[in-house]
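Enquirer: I have a structure I would like to understand better, so I am pasting it below and will then ask my questions one at a time.
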Amino acid sequence: MNKLPVLDHGFVLLRNMSGPTRRPDAAFDADDTDPANAARFSFEGQDKDRAREEDLRLDSYLMKNWHTGPFEQVVVWLEMKLPIFVARQFVRHRTARLNEASARYVQLPKEWYIPTLDEVVLQTTDKKQGGRPVDVFNPGEVGKARAFQISLDDACRDSYARYEAAIENGIAMEQARLFLHVNHYTHWIWQCDLHNLMNVLARRDHGHAQGPTQKYAEAVDQLVRKHLPHSMELYDKYRRFAI
């Protein structure tokens, strides 16, 4: 299964993975041996007679010594549905390429993100960003979280009703969308090479990242790891905590 649900209405779908070699009998063209074979072009040394273990050892050498170009030869396409504020965290990574559903041309669906109780965070006084989880054994904090969830959902329902009414009254969708909140869901296709994808994961699948963003990064990691297990083991060993 190459699709994982994330949050209340979102998902990550692995649409394609490609490398320099066609593999028509495989689920995707990309393979853990692609970086090694790409690197061998530097010495006109690519051939099909080497054992797979040799390619994987070369992969390890390349990753350990930060030879990044060969890992850029593997490209990943992901379809994602995610809240707008989460999407903006991924947009920060300008090495990726994306096409997003445009609310200028299509009416966005009636879907928005409401944090679950364990996803609600309370502001702390010792740092400007981030917060702490709700203490589920503290009735006062639970009450605040529940009130926030209800208020947020009410606000989103009201704004979406106004959005629909504006469209029905002939207001252009590019302006009617101004009613919508940043927790409304958007939808895109996102492409990134493996080297830069690892940079994204190192920053977004991290304890300092926003919780919803981290969940999307975890889903991406899980899907890519399924098909490139050796490469992702090397990421764990040499890259995850190196940035």
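Any read-out appearing in this document is the output of simple, stated calculations on the displayed coordinates, not a laboratory observation. Keep in mind the model is a prediction, meaning the values are calculated, not measured. Note: ideal-geometry Cβ built from the backbone for every residue, glycine included; neighbour counts use all protein chains shown.
Enquirer: On a full-extension model of 0.36 nm per residue, what is the gain between A172 and L13, subtracting their alpha-carbon distance, rounded to one decimal in nm?
Expert: Gain in length upon complete extension: 54.1 nm.
Enquirer: Which one is right for this structure if P(r) over Cα pairs in 10 Å bins from 0, in percent is calculated from it: [x] 7, 31, 38, 21, 4, 0; [y] 7, 26, 28, 21, 12, 6, 1; [z] 6, 20, 24, 19, 15, 11, 5, 1, 0?
Expert: Calculated P(r) over Cα pairs in 10 Å bins from 0, in percent: the matching label is [y].
Enquirer: Between rounded, prolate and oblate, where does the range 121-179 land on the alpha carbon gyration tensor, with a ≥ b ≥ c its root eigenvalues, rounded for a/c under 1.5, else prolate if a/b exceeds b/c?
Expert: Cα axes put the range 121-179 in the oblate bin.
Enquirer: Say each of R132 and R203 gets a label point 7 Å from the Cα, pointing the same way as Cα to Cβ; how far apart are those two points in nm?
Expert: Roughly 2.9 nm, to one decimal.
Enquirer: Now for a different question. For D193, list long-range residues whose amide hydrogen, built 1.01 Å from N in the peptide plane, is under 5 Å from its own amide hydrogen.
Expert: For D193, the qualifying residues are V76.
Enquirer: Still on this model: Given R₀ = 35 Å, what would the calculated FRET efficiency be for F241 paired with E164, taking r from the Cβ atoms and rounding to 0.05?
Expert: Once the sixth-power term is evaluated, E becomes 0.15.
Enquirer: At 7 Å along the Cα-to-beta-carbon direction for both Y105 and T124, put a label point, then send me their distance in nm to one decimal.
Expert: 4.4 nm
Enquirer: Arranged from highest to lowest average of other beta-carbon atoms within 10 Å per residue, in what order do the peptides 94-101, 69-76, 22-29 appear?
Expert: 69-76, 94-101, 22-29
Enquirer: Given a Förster radius of 25 Å and the C-beta distance between A27 and E72 as r, what FRET efficiency does 1/(1 + (r/R0)^6) yield to the nearest 0.05?
Expert: FRET efficiency, A27 to E72: 0.70.
Enquirer: If you don't mind, another one. Once phi is turned into θ = phi - 60°, what whole-Hz ³J(HN,Hα) does the Karplus curve with 6.51, -1.76 and 1.60 give for every residue of the range 158-169, x standing for Gly and Pro?
Expert: 5, 5, 5, 4, 5, 4, 4, 4, 5, 5, 4, 8
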